[in-house]
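One structure is given below, encoded as structure tokens.
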Amino acid sequence: MTIALQTLTQAKKASHTAVFLKEGKIIFGADQELLSAEAQSAIEALKAKGKKGSKVYTVLGIKSSTSIVQIRQTPGLDTLDTLRLASCELGKELISQESFTASILCPELSSEEFAALIEGLSFAQYEFKGHKSSTKSHPAIKWGILVDAAQKKAFTAVLKSSLNIMSGVQITRDLINEPGGSLTPQIFQKKIESLFKADPCVKIKVRNKAQLEKEGFNGLITVGRGGPNPPVMVTLTYTPKKVAQSAKSVKLGLVGKGVTFDTGGISLKPPHPMWEMRMDMGGAGTVIGALKAISDLQIPVPVVAVVCLTENRPGANACLPGDIFTAKNGKTVMVENTDAEGRLILSDGLAEAGLNKATHIVDLATLTGAIIRAIGTSMTGLFSNNEELAERITRSGAKSGEKFWRLPLEEEYRSSLDDKVADIKNIGGDAGAITAGLFLQEFVPENTPWAHLDIAGTAFTTKSWKYHGWGATGWGVRSLVNLTEEFTNSKK
Ligand code: BES
Ligand code: ZN
Ligand code: ZN
């Protein structure tokens with residue numbers, strides 16, 4: 001897919017033209033010269049129909065065929081997200097028609113609307129090409145977007161940054177969609193190295209099993225004991241060429257859970273739908289896609305990203321329920337349930353972010369089924385020890401149509417994690433998503449604003465949801481990019 005800004009002369013050559021109608025009005029002013037008489041009368045007919053119609057109508061015209069995208073307000077989606085959805089529907093329609101060039105007429109867009117439009121088109125184009133024997137893929141549409149001459153310069157920059165962000169989203173989706181057998185910790189590590197090898201602003205440090213053992217990153221060691229593919233920790237340090245004045249004393253720490261497959265370990269999960277646990281490296285995948293976009297965009301804020309990669313499998317050497325290990329911060333942990341493994345490896349990730357002097361830490365993890373039971377699959381659970389950071393995250397999400405719902409780190413529940421022998425155990429009583437957050441809080445470096453994002457419900461979908469098809473959604477990449485950008489605002 002390519003997207004370019006167009007002049008009217010170029011738009012006239014496209015095989016397809018699209019206009020957007022909302023509540024009977026053309027919201028992106030269509031240039032009459034580009035619309036056939038048929039298209040114009042179809043628009044009139046739809047106008048008369050008011051809100052009845054929805055989605056994409058195609059009219060064959062003389063000059064070009066025309067799609068009339070009637071935008072329907074979907075309950076719960078804001079204006080920008082409605083637009084992402086509409087432009088994704090347009091993209092899918094044109095892909096099914098095997099159109100190769102298309103013009104969208106939109107001289108009256110704001111830059112946020114323009115970015116949303118680009119995102120929608122990019123979501124439509126995504127396909128996971130991994131494992132089909134046929135090599136046939138979606139036709140790559142050449143999109144032309146006709147904007148006002150006065151907006152051209154500003155929109156060229158928006159276009160570039162939206163495409164960078166969406167390529168980060170695509171990286172994340174490809175990583176998460178990959179099955180556990182073909183994305184082991186080692187393969188994941190290699191993919192990370194190749195993604196950043198030509199990037200002078202990102203330095204990579206890899207710790208293999210022996211180094212993890214030596215340095216006492218025992219969460220990863222404990223979880224990784226059952227699988228044939230050993231655990232790895234990858235730390236990526238992004239140092240932008242320029243640092244914003246307001247970010248001089250900031251280093252944003254992003255920590256990701258990267259369980260390349262979660263069988264549950266000795267506390268084995270039931271067979272169905274265990275296959276979905278390919279997505280249990282979603283936190284790590286999201287952190288990697290976001291960091292790539294952050295670096296491509298040269299956001300002037302230093303970032304340290306830590307991904308903890310391991311399998312969670314039963315095996316002759318696997319961790320047994322009741323086993324105790326000493327975490328990197330010295331606390332002893334009793335593993336009551338080997339399926340609550342994400343929090344164990346994140347104890348190492350949080351410690352590593354602290355050792356790298358992160359001033360703010362955000363961890364992302366497909367951590368609990370309980371978060372899905374609590375708030376469903378349309379939003380991510382947010383836990384934080386810091387109001388300011390929590391607000392920044394919620395704001396960053398609102399810009400990208402990604403919803404966060406804040407839950408409490410209720411201290412009354414902390415005692416459910418008390419153990420008879422060790423300092424803490426890895427599962428508590430009710431409110432599983434909250435006790436998971438409380439567990440993590442014990443491993444957050446002192447005096448550090450921290451937020452935990454439980455993306456178990458949002459990282460992967462088995463039904464089509466908004467502009468996401470089946471599989472990985474790339475949820476969180478756009479919010480993390482926005483969050484990093486937030487630190488360039490002087491208001492803390
Ligand atoms: N990876 C799972 C959480 C999960 C569940 C992610 C569903 C995505 C969809 C996690 O490691 C896990 O197994 N959690 C257990 C915790 C329990 C043993 C306390 C859970 O949620 O059932
Ligand atoms: Zn688990
Ligand atoms: Zn897990």
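The values are calculated or read from the model by the stated rules, or taken from the named source; none is laboratory data. Just so it is clear, the model here is predicted, and its values are computed rather than measured. Neighbour counts are summed over all protein chains in view; Cβ atoms, including those assigned to glycine, are modelled from backbone coordinates with ideal geometry. Note: areas computed on protein heavy atoms with side chains; ligands, DNA, RNA excluded. Shrake-Rupley method; radii C 1.70, N 1.55, O 1.52, S 1.80 Å.
Only residues that are assigned to a loop (DSSP other than H, G, I, E, B) and away from ligand 3 (no atom under 16 Å from the Cβ): list them for the stretch 364-404, please. Walk me through it before giving the result.
Of all residues in the stretch 364-404, those assigned to a loop (DSSP other than H, G, I, E, B) come to 366-369, 376-378, 385-386, 401-402.
376, 377, 378, 385, 386, 401, 402 - these are the residues of the stretch 364-404 that are assigned to a loop (DSSP other than H, G, I, E, B) and away from ligand 3 (no atom under 16 Å from the Cβ).
To keep it simple, each residue is scored yes or no on (1) within 15 Å of ligand 2 (Cβ to nearest atom); (2) open to solvent by 10 Å² or more (accessible area, probe 1.4 Å); (3) out of contact with any Gly (no Cβ under 7 Å at 6 or more places or on another chain); (4) assigned to a helix (DSSP H, G or I).
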{"position": "249", "(1), (2), (3), (4)": "no, yes, yes, no"}
{"position": "255", "(1), (2), (3), (4)": "no, no, no, no"}
{"position": "261", "(1), (2), (3), (4)": "yes, yes, no, no"}
{"position": "268", "(1), (2), (3), (4)": "yes, yes, yes, no"}
{"position": "276", "(1), (2), (3), (4)": "yes, yes, yes, yes"}
{"position": "284", "(1), (2), (3), (4)": "yes, no, no, yes"}
{"position": "292", "(1), (2), (3), (4)": "no, yes, no, yes"}
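Go through the stretch 306-348 and report how many residues are small (Gly, Ala, Ser), within 16 Å of ligand 1 (Cβ to nearest atom) and surrounded by fewer than 18 Cβ atoms within 10 Å (Cβ to Cβ). Steps first, please.
Pass one, the stretch 306-348, residues small (Gly, Ala, Ser): 315-316, 318, 322, 327, 330, 340, 342, 347.
Subset that is within 16 Å of ligand 1 (Cβ to nearest atom): 318, 322, 340, 342, 347.
Checking which are surrounded by fewer than 18 Cβ atoms within 10 Å (Cβ to Cβ) leaves us with 322.
Final tally of qualifying residues: 1.
Consider residue 384 carefully, then state whether it is more than 15 Å from ligand 1 (Cβ to nearest atom), closer than 23 Å to residue 408 by Cβ and under 22 Å from the mean Cα position of the chain (by Cα).
In short, yes.
Mind counting the residues in the stretch 294-317 that are polar (S, T, N, Q) and more than 16 Å from ligand 2 (Cβ to nearest atom)?
Taking the stretch 294-317 as the starting set, the residues that turn out to be polar (S, T, N, Q) are 295, 298, 310, 312, 317.
Filter once more, keeping what is more than 16 Å from ligand 2 (Cβ to nearest atom): 295, 298, 317.
Residues in the stretch 294-317 being polar (S, T, N, Q) and more than 16 Å from ligand 2 (Cβ to nearest atom): 3 in total.
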How about the stretch 187-212: which of its residues are open to solvent by 30 Å² or more (accessible area, probe 1.4 Å) and either in a strand (DSSP E or B) or at pLDDT below 95 (or both)? 203, 204, 205, 206
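Does the stretch 394-417 include one or more residues that are polar (S, T, N, Q), farther than 26 Å from residue 167 by Cα and without any contact (Cβ under 8 Å) to a residue 24 or more places away in the chain? Spell out the reasoning first.
Within the stretch 394-417, the subset polar (S, T, N, Q) is 394, 396, 400, 415-416.
Applying the additional criterion that residues be farther than 26 Å from residue 167 by Cα yields 415-416.
Checking the rest, the ones that are also without any contact (Cβ under 8 Å) to a residue 24 or more places away in the chain come to 415-416.
Within the stretch 394-417, one or more residues are polar (S, T, N, Q), farther than 26 Å from residue 167 by Cα and without any contact (Cβ under 8 Å) to a residue 24 or more places away in the chain.
Out of 159, 109, which single residue is assigned to a helix (DSSP H, G or I) and not acidic (Asp, Glu)?
Numbers: 109 fails: assigned to a helix (DSSP H, G or I).
After ruling out the rest, the residue left standing is 159.
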Residue within the stretch 139-162 that is under 20 Å from the mean Cα position of the chain (by Cα), over 30 Å from residue 241 (Cβ atoms) and either open to solvent by 20 Å² or more (accessible area, probe 1.4 Å) or in contact (Cβ under 8 Å) with a residue 24 or more places away in the chain (or both) present: no
